Amino acid sequence: MTDRDLLNMAREAAQNAYVPYSHFPVGAALECADGSVFTGCNVENAALGSTICAERTAIVKAVSEGRRKFVRIAIYGEGESYCMPCGACRQVMVEFAPDGDMEVLCTRSGGRYVSYRLSQLMPHPFETFR
Ligand code: THU
């Protein structure tokens, strides 16, 4: 699967975004070590802090279906700047990709994307209980 394939799946997933407050749809496509892919979108709530980001939706779907090893995640969001994962999502990614090697692909308007290793985005995570 190419980066573009995964990014296209993330874009498709954004179509299901529930975003009555921000009007900012986000989609994610998570590639697991066994090759399976789980998608997710952001799901907002009137209590804004209860909003769930697209990345965490995809991760929770994967874990609840028995996958715990992730190799790459594509994030789709339209905007002037690249759609980067929030701090909470980075921490949740680290939980299941603790070596920091997971690739994180982030898009912006026009289809451009940048690729990072999780360790670049989350260099000193909380992992005291490991
Ligand atoms: N959001 C995501 O789903 N993922 C990101 O990487 C950044 C932010 C969502 C949360 C909220 O529904 C909306 O984008 C605006 O913050």
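The values are calculated or read from the model by the stated rules, or taken from the named source; none is laboratory data. Fair warning: this is a prediction, and the values are worked out from it, not measured in the lab. Note: ideal-geometry Cβ built from the backbone for every residue, glycine included; neighbour counts use all protein chains shown. To get the accessible areas, we keep the full protein, side chains included, count just its heavy atoms, and leave off ligands, DNA and RNA. Shrake-Rupley method; radii C 1.70, N 1.55, O 1.52, S 1.80 Å.
Shown here for the range 25-130: GluC sites (Glu not before Pro) in loop regions (DSSP other than H, G, I, E, B) with at most 11 other Cβ atoms within 10 Å, namely E65, E80, E127.
For the range 16-64, chymotrypsin sites (Phe, Trp or Tyr not before Pro) are listed when DSSP marks them as loop and at most 12 other Cβ atoms sit within 10 Å of their Cβ; the list is Y21. A cut-off under 9 angstrom between Cβ atoms defines the neighbours of V92, and their net charge, with Lys, Arg +1 and Asp, Glu -1, is 0. Computed 3J(HN,Hα) for the range 95-109, one whole-Hz value per residue from the Karplus formula 6.51 cos²θ - 1.76 cosθ + 1.60 where θ = phi - 60°, is 4, 10, 9, x, 6, x, 7, 4, 7, 10, 9, 10, 9, 9, 3, glycine and proline marked x. For the range 41-128, the set of chymotrypsin sites (Phe, Trp or Tyr not before Pro) satisfying both a DSSP loop assignment and a count of at most 16 other C-beta atoms within 10 Å is given as Y82, F126. Surface composition of the chain: carbon plus sulfur atoms contribute 51% of the solvent-accessible area (1.4 Å probe, protein chains only, all chains present). Remark: the chain carries 55 Å² of accessible area per residue (probe radius 1.4 Å; ligands, DNA and RNA excluded).
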